[in-house]
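Asker: Before we start, here is the structure in question, set down as structure tokens.
The values are calculated or read from the model by the stated rules, or taken from the named source; none is laboratory data. The structure presented is a predicted model; accordingly, all values stated were derived computationally and were not measured. Ideal geometry is used to build each Cβ from the backbone, glycine not excepted, and the neighbour counts take in all protein chains shown. Ligands, DNA and RNA are excluded from the accessible area calculation, which covers all protein heavy atoms including side chains. Shrake-Rupley method; radii C 1.70, N 1.55, O 1.52, S 1.80 Å.
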Amino acid sequence: MIAEHPDRQALMDEVHARPVELIEASCRLRRLVFVMPSRPGAMSEAFDRFVLFCQARGYKMPMPASRLYSFAPGRRQVTWEFHTEFVTVTWRGPLDDAESFPTELGLEAIGEGLLIGATRIDVIADETVPDRLLPGFELPSLCLADIENGRGQVATDFVPDADSFTRFELAAGGLTPLRRSIIARRLLEIDTYRTMALLGLPLARSAAPDLRAIELELTDLMAALSDAATPESRQASLNALQDLSVRNGQLSERLDYRFAAGRAYGDILGVRLAGLRERSTTRGSTLTHFLGNRVDPGLATCAAVEKRLAKSSTKIERAIELLNVRIGVDTQLQNAALLDNIARTARSQFLLQRTVEGLSVIAISYYMLGILSYVMAGPLGELHWDKAMALSLSAPFVVGAVWLMARHIRKLHDQSPPKSTT
């Protein structure tokens with residue numbers, strides 16, 4: 001038997017995870033986008049609540065691995081999609097469907113999710129957007145472009161209406177049902193991802209003052225490093241740099257994921273815009289040009305803040321390394337001076353010991369000669385020998401014997417191992 005990779009089925013299912021739903025020639029599409037809390041388990045809790053909603057309404061129960069699930073309450077077709085950090089609720093109905101937030105969508109399952117985007121697309125059977133629909137858009141931001149090489153047309157101004165929905169008019173009369181459905185889905189994704197791509201911009205703007213403060217403090221610390229002449233001042237500079245490193249790391253931790261997600265969403269947005277195959281008209285901008293002038297600067301701002309964070313982190317690490325090297329060199333110099341002082345002290349002690357040993361030999365020899373004078377007084381008197389002469393002759397032998405004895409004792413001390421202090 002051929003063993004299958006454990007992820008093979010998941011990869012196969014991913015190809016069909018979000019199939020295109022065929023839409024009618026005239027209909028109204030709406031989508032709500034909810035960003036879920038960043039805490040662990042928030043998305044799975046929303047899915048569990050959605051399962052309970054389906055169970056209560058008698059709908060087919062979604063599988064735990066489901067990322068897309070559809071049901072049809074009445075004349076509407078509703079689709080839930082579970083993404084990595086957000087949930088989309090999309091529904092389709094007739095063009096005269098004026099209800100912006102129907103009760104049968106199951107929105108209570110969102111829980112703590114926050115609304116970040118709302119889109120409305122009116123699909124009409126015309127090949128171009130009728131002039132009667134254009135006054136509903138704001139002229140300064142009007143986007144009116146031919147799509148699919150002129151077989152359709154789309155209009156929008158990316159301005160939320162009274163119900164907070166961004167309105168699109170899609171004239172798809174010249175498109176096949178499949179291409180019409182694909183283009184409608186792309187428009188929904190364009191409005192979704194252009195919002196998600198810019199989600200990091202407010203964070204970048206709010207983090208800019210903190211980042212600027214870190215950069216200024218780092219500049220001051222770097223300028224003061226050359227004046228740090230004492231170990232205390234260098235240690236104070238090292239503590240300040242470590243504090244800056246912690247603050248910079250906390251800022252990066254808060255922004256890195258959001259900036260990385262923004263880049264990914266921006267890339268998807270670019271692909272979806274390219275898939276429209278737009279052609280400009282004389283009455284408005286293209287979606288690609290309009291969003292490029294607004295989304296790209298926002299993403300560039302996030303990229304600039306991210307680059308500044310990485311640069312400040314590198315500078316802080318380099319400064320800490322240089323300061324650690326300097327502190328290490330100072331420590332080595334102090335240790336060398338201490339060892340030199342210890343060596344001088346040891347030599348002084350050695351010389352002093354030799355001096356004491358010499359004096360001790362003389363002192364012991366003196367006392368030994370004194371004892372010999374008492375011991376030899378009687379025998380020398382009986383033999384009629386001169387006592388002073390006898391002591392003089394014996395003095396070298398006594399001194400030599402004492403010196404040999406002291407040398408032998410010192411050798412025994414040198415050979416004996418040092419006792420452990422534990």
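Asker: Spin-label point model (7 Å from Cα, Cβ direction): what's the residue 367 to residue 61 distance in nm?
Answerer: Distance between the two pseudo-spin positions: 10.4 nm.
Asker: Classify region 236-367 from the C-alpha gyration tensor, please: rounded if a/c falls under 1.5, else prolate or oblate depending on whether a/b exceeds b/c.
Answerer: Details: a/c = 7.81, a/b = 7.50, b/c = 1.04.
Taking the square roots of the gyration eigenvalues as a ≥ b ≥ c, region 236-367 is prolate.
Asker: Starting from 0 in steps of 10 Å, tell me what percent of the Cα-Cα pairs of region 100-223 lands in each bin.
Answerer: The percentages, shortest bin first, are 11, 30, 26, 16, 9, 6, 2.
Asker: Let's see if you can work this out: charge +1 on each Lys and Arg Cβ, -1 on each Asp and Glu Cβ, no other charges. What is the dipole magnitude of the chain about its Cα centre, in debye to the nearest 20? Don't skip to the end; give the middle numbers.
Answerer: Details: 48 positive and 50 negative charges, 192 e Å.
My answer is approximately 920 debye.
Asker: Right, here's the next one. Once the cut-off is 20 Å, how many percent of the Cα-Cα pairs in region 120-181 end up in the long-distance tail? It would help to have the intermediate numbers written out before the result.
Answerer: Values: 436 of 1891 pairs.
More than 20 Å apart: 23 percent of the Cα pairs in region 120-181.
Asker: Obtain the nm distance between the two label points defined at residue 108 and residue 322 by a simple spin-label model: each point lies 7 Å from its Cα along the Cα-to-C-beta direction.
Answerer: In this crude label model, residue 108 to residue 322 measures out at 6.4 nm.
Asker: While we're here: Taking all protein chains in place and a 1.4 Å probe, what share, in percent, of the accessible surface of the chain do carbon and sulfur account for? Provide the component values of the computation, followed by the final result.
Answerer: Values: 14840 of 24540 Å².
The C+S portion of the solvent-accessible surface of the chain is 60 percent.
Asker: Return the FRET efficiency for the residue pair residue 7, residue 52: r is the Cβ-Cβ distance, R0 is 22 Å, and the value is rounded to the nearest 0.05. Could the numbers behind the result be given before it?
Answerer: Values: r = 30 Å, r/R0 = 1.34.
Approximately 0.15, to the nearest 0.05.
Asker: Here's something else I'd like to know. Sort 3-10, 151-158, 132-139, 100-107 for me by packing, meaning the mean count of neighbouring Cβ atoms within 10 Å per residue, highest on top. Before the final figure, lay out the partial values.
Answerer: On the way: 3-10: 8.5, 151-158: 23.5, 132-139: 12.4, 100-107: 15.4.
Most protected by this proxy first, the peptides run 151-158, 100-107, 132-139, 3-10.
Asker: So in region 89-243, what percent of DSSP beta bridges are antiparallel if you round to the nearest 5? Mind showing how you got there, number by number?
Answerer: Details: 10 of 16 bridges.
Around 60 percent antiparallel, to the nearest 5.
Asker: On to the next question. Over all pairs of distinct alpha carbons, what does the Kirkwood formula give as the hydrodynamic radius of region 12-77, in Å? Walk me through the numbers before you get to the answer.
Answerer: On the way: mean 1/r = 0.0698 Å⁻¹.
Its Kirkwood hydrodynamic radius stands at 14.3 Å.
Asker: Using only alpha-carbon positions, what ratio does the radius of gyration of region 173-325 give when scaled by 2.2 N^0.38 Å? Write out the running numbers ahead of the final one.
Answerer: Working: Rg = 22.8 Å, N = 153, 2.2 N^0.38 = 14.9 Å.
Rg over 2.2 N^0.38 Å, computed on Cα atoms: 1.53.
Asker: Based on the mean of other beta carbon atoms within 10 Å per residue, what is the order of 115-125, 257-267, most packed first?
Answerer: Values: 115-125: 20.1, 257-267: 17.5.
Those peptides, ordered most packed to least, come out 115-125, 257-267.
Asker: Please calculate how many Å² of accessible area the chain carries per residue, with a 1.4 Å probe and no DNA, RNA or ligand atoms counted. Before the final figure, lay out the partial values.
Answerer: Values: 24540 Å² over 422 residues.
Per-residue value: 58 Å².
Asker: Grab the beta carbon distance between residue 22 and residue 301, set R0 = 45 Å, and tell me the FRET efficiency rounded to 0.05. Don't skip to the end; give the middle numbers.
Answerer: On the way: r = 40 Å, r/R0 = 0.88.
So, using R0 = 45 Å, E works out to roughly 0.70.
Asker: Output the direction-averaged projected area (hull surface divided by four) of the convex hull of the alpha-carbon atoms of the chain, in nm². The partial results should precede the final answer.
Answerer: On the way: hull surface 173.6 nm².
One quarter of the hull surface, i.e. the mean projection, equals 43.4 nm².
Asker: Going highest first, how would you order 46-57, 180-191 by mean Cβ packing within 10 Å? Could you put the intermediate results ahead of the total?
Answerer: Numbers: 46-57: 15.9, 180-191: 22.2.
The densest-packed peptide leads the list: 180-191, 46-57.
Asker: Moving on to the next point. Would you mind computing Rg(Cα) / (2.2 N^0.38 Å) for region 6-50, counting N as its residues?
Answerer: Working: Rg = 15.7 Å, N = 45, 2.2 N^0.38 = 9.3 Å.
Cα Rg divided by the expected 2.2 N^0.38 Å: 1.68.
Asker: Only Cα pairs under 8 Å and at least 6 apart count here; give the relative contact order of the chain as a rounded whole percent. Working shown, then result.
Answerer: Values: 488 pairs, mean separation 58.4, N = 422.
Across the chain, relative contact order equals 14 percent.
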